[in-house]
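A.B. asks: Questions regarding the structure given below will be posed in turn.
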Amino acid sequence: MRELLIKISLPLFGLEYPILQTISEEEKNKFLKLSFLFLAIASACIITSVYLFFLISSSFWFALLIGPLLGLIFLSIIRFSILTIQRSLYETKAPEIPIEVAQPLTNKNRISDVLNKVRFPGIESLMRILINGIMGFLIIFPLVSLLHFQSLESLNQQKRDIILNEFILSKNKSFSIENANFNDKIKQLEVSLSSMANIESQGGVFTTKQNELSKIKAEQNQYQESFTSELETETKQLKEYLDSKYFIIFTLTKAFSYPEFPFVAIAIFGLLFYLHYLQHTLKTNETYQYAKLAKEKYVDIVMKDYNQTKIHIEKTLNKKFPNHKIDIEEISRWKNPPFNTEEKITFPDRKSIMKSQLIQSLTTK
C-alpha cells in the first residue's frame with residue numbers, strides 16, 4: 001500500500017522519484033499523507049458527480065458511465081490548483097531601505113493602523129480561493145443530498161404531484177372558459193329564436209338560426225368529448241415524464257436545511273485547504289529536503305543549459321567578428337543571468353553639487 005501511494009504521488013504532484021527516495025521517512029510520510037488526502041477528495045468528487053448525473057438523467061447506468069468523467073474534470077481543476085504551488089528557482093530579497101518614521105500624532109487613527117498591518121491576499125490567492133470555493137460547493141451540495149436520498153425522493157414526488165395537479169387545473173380552467181363561450185353563444189341564439197318564433201316574415205332567418213344553434217351544440221359536444229380524451233392522454237404522458245424527473249435546484253437547495261450540511265462543508269473545505277497548505281509547506285519550505293534538493297537540481301539544469309547556450313553564441317559571434325572579443329555576460333544588463341533579477345548599475349548614483357563646484361570641475365584641466 002505504501003509503495004502504491006508513492007507511485008500515485010509521482011504523477012499526481014509532479015514529484016521526482018530519485019529525489020523522493022533520498023528524503024527522510026518523516027518527510028516521505030507527509031507526501032504519502034498528501035496523496036491519501038487527495039484520494040479522499042477524489043472519492044467524494046466521483047460519488048457526487050455520479051449522483052449529479054443521476055439527478056439529470058434519472059438513469060443509474062448512464063450516471064455510472066458519464067458521472068466519473070465529470071468527477072475527473074473536478075479533480076483536474078483541484079489538482080491544477082495544488083500543482084501550481086511552487087517556489088521560484090531564483091529569489092532575491094529587496095534591499096532594505098531605512099526610513100525615518102515621524103513621531104506619531106496624538107490623534108492617531110487606530111483603524112488605519114490596523115489596516116496597514118493586515119496582509120491582504122494577492123490575485124493568485126484570490127483565484128485559488130474562488131476556484132476551490134466553487135469546487136467545494138459542487139461537492140458539498142450533492143454529497144449532503146445523497147445522505148438524505150429517501151427523504152428527497154419523497155419531496156420530489158410531492159413536487160411531481162403538485163405540477164401534475166396544476167396542469168390538470170390549468171386544463172380544466174381552459175375548458176371552463178371555452179365551454180362558457182359555447183354556452184353564451186347558445187343562449188344568445190335561443191333568445192333570438194324565442195323573439196322571432198311568431199313572426200312569419202322572418203321564417204327564413206328563423207330556420208338559419210336554428211341550424212346555427214344545432215351546429216354550435218354539436219361543436220360543443222365534440223369539444224367536450226375531445227377534451228376528455230386529450231386530457232386523459234396528456235395527463236398520462238406528463239405523469240410518465242415526471243415519474244423519471246428530478247428537480248435538481250429544488251433537490252440541492254434542500255441540503256441547507258439538513259443538520260449535516262455545516263459538518264460536511266467544514267470537512268470538505270478543511271480538506272481542500274489542508275491539501276494546499278501541505279503542498280505549499282513541502283514545496284516552498286527549504287527546511288524540508290525535497291524542496292531544497294529539487295531546487296538545486298532545477299537550478300543546475302538551468303545553469304548547464306545557459307552555459308552551453310552562452311558558449312555556442314560566443315563561438316558564433318567570434319567567428320563572424322574575429323577582431324572583437326565578445327563576452328555575453330559583460331554586455332548583459334543583468335548581474336545574474338539567466339535568472340535576470342538583479343540589474344547592473346550602469347551609471348553611478350547622481351549627487352547634488354553646488355554651482356561653484358560645477359564651474360571648478362569645468363575649468364580644471
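The values are calculated or read from the model by the stated rules, or taken from the named source; none is laboratory data. No experiment lies behind these values; they were computed from the predicted model shown. Using ideal geometry, Cβ is built from the backbone for each residue, glycine included, and neighbour counts are taken over all protein chains shown. Heavy atoms of the whole protein, side chains included, go into the accessibility calculation; ligands, DNA and RNA do not. Shrake-Rupley method; radii C 1.70, N 1.55, O 1.52, S 1.80 Å.
A.B. asks: Output the number of residues of the range 100-153 satisfying the condition of being open to solvent by less than 100 Å² (accessible area, probe 1.4 Å), over 26 Å from the mean Cα position of the chain (by Cα) and either closer than 30 Å to ILE85 by Cβ or at pLDDT 85 or above (or both).
C.D. replies: Matching residues across the range 100-153 total 3.
A.B. asks: Any idea which of (1) of a type outside the set (A, V, I, L, M, F, W, C); (2) surrounded by 11 or more Cβ atoms within 10 Å (Cβ to Cβ); (3) under 30 Å from PRO18 (Cα atoms) is the one GLU314 doesn't satisfy?
C.D. replies: Failing condition for GLU314: (3).
A.B. asks: Kindly check whether there is at least one residue in the range 341-358 that is part of a helix (DSSP H, G or I) and open to solvent by 90 Å² or more (accessible area, probe 1.4 Å).
C.D. replies: Scanning the range 341-358, I find at least one residue that is part of a helix (DSSP H, G or I) and open to solvent by 90 Å² or more (accessible area, probe 1.4 Å), so the answer is yes.
A.B. asks: Counting just the residues of the range 79-97 that are closer than 27 Å to LEU275 by Cα and either at pLDDT 90 or above or not in a helix (DSSP H, G or I) (or both), which one comes out least open to solvent (accessible area, probe 1.4 Å)?
C.D. replies: Looking at the filtered set, the residue picked out is ILE85.
A.B. asks: I would also like to ask the following. I'd like the full set of residues that are open to solvent by 90 Å² or more (accessible area, probe 1.4 Å) and either among the acidic types (Asp, Glu) or under 30 Å from ASP300 (Cα atoms) (or both), limited to the range 317-340.
C.D. replies: Residues of the range 317-340 open to solvent by 90 Å² or more (accessible area, probe 1.4 Å): 319-325, 330-331, 333, 335.
Hits for the range 317-340 are LYS319, LYS325, GLU330, ILE331, ARG333, LYS335.
A.B. asks: Could you grab me the full set of residues in the range 300-340 that are in a helix (DSSP H, G or I) and either touching a strand residue (DSSP E or B) at 6+ places or on another chain (Cβ under 9 Å) or aromatic (Phe, Trp, Tyr) (or both)?
C.D. replies: Restricting attention to the range 300-340, the residues satisfying the condition of being in a helix (DSSP H, G or I) are 300-320, 328-331.
Residue satisfying the conditions is TYR306 alone.
A.B. asks: OK, next. Inside the range 275-290, can you point out the residues that are more than 19 Å from the chain's Cα centre (by Cα) and within 23 Å of ILE41 (Cβ to Cβ)? It would help to see each step written out before you state the result.
C.D. replies: First, the residues of the range 275-290 that are more than 19 Å from the chain's Cα centre (by Cα): 277-290.
Scanning the range 275-290 gives TYR277, LEU278, GLN279, HIS280, THR281, LEU282, LYS283, THR284, ASN285, TYR288, TYR290.
A.B. asks: Is there any pair linking a residue in the range 261-286 that is small (Gly, Ala, Ser) and at pLDDT 90 or above to one that is surrounded by 14 or more Cβ atoms within 10 Å (Cβ to Cβ) and in a helix (DSSP H, G or I), with Cβ under 8 Å and at least six apart or on different chains, and which?
C.D. replies: Close Cβ pairs (under 8 Å, with a partner that is surrounded by 14 or more Cβ atoms within 10 Å (Cβ to Cβ) and in a helix (DSSP H, G or I)) amount to ALA265/GLY136; ALA265/ILE140.
A.B. asks: Taking the stated definitions as given, is ILE168 among the aliphatic types (A, V, I, L, M), surrounded by 10 or more Cβ atoms within 10 Å (Cβ to Cβ), under 30 Å from SER58 (Cβ atoms) and modelled with pLDDT of 80 or more?
C.D. replies: It is true that ILE168 is among the aliphatic types (A, V, I, L, M), surrounded by 10 or more Cβ atoms within 10 Å (Cβ to Cβ), under 30 Å from SER58 (Cβ atoms) and modelled with pLDDT of 80 or more.
A.B. asks: Kindly provide the set of residues from the range 154-165 that are closer than 30 Å to SER43 by Cβ and exposed (fewer than 12 other Cβ atoms within 10 Å of the Cβ), ordered by number.
C.D. replies: Once the filter is applied, which keeps residues that are closer than 30 Å to SER43 by Cβ and exposed (fewer than 12 other Cβ atoms within 10 Å of the Cβ), the range 154-165 yields only SER154.
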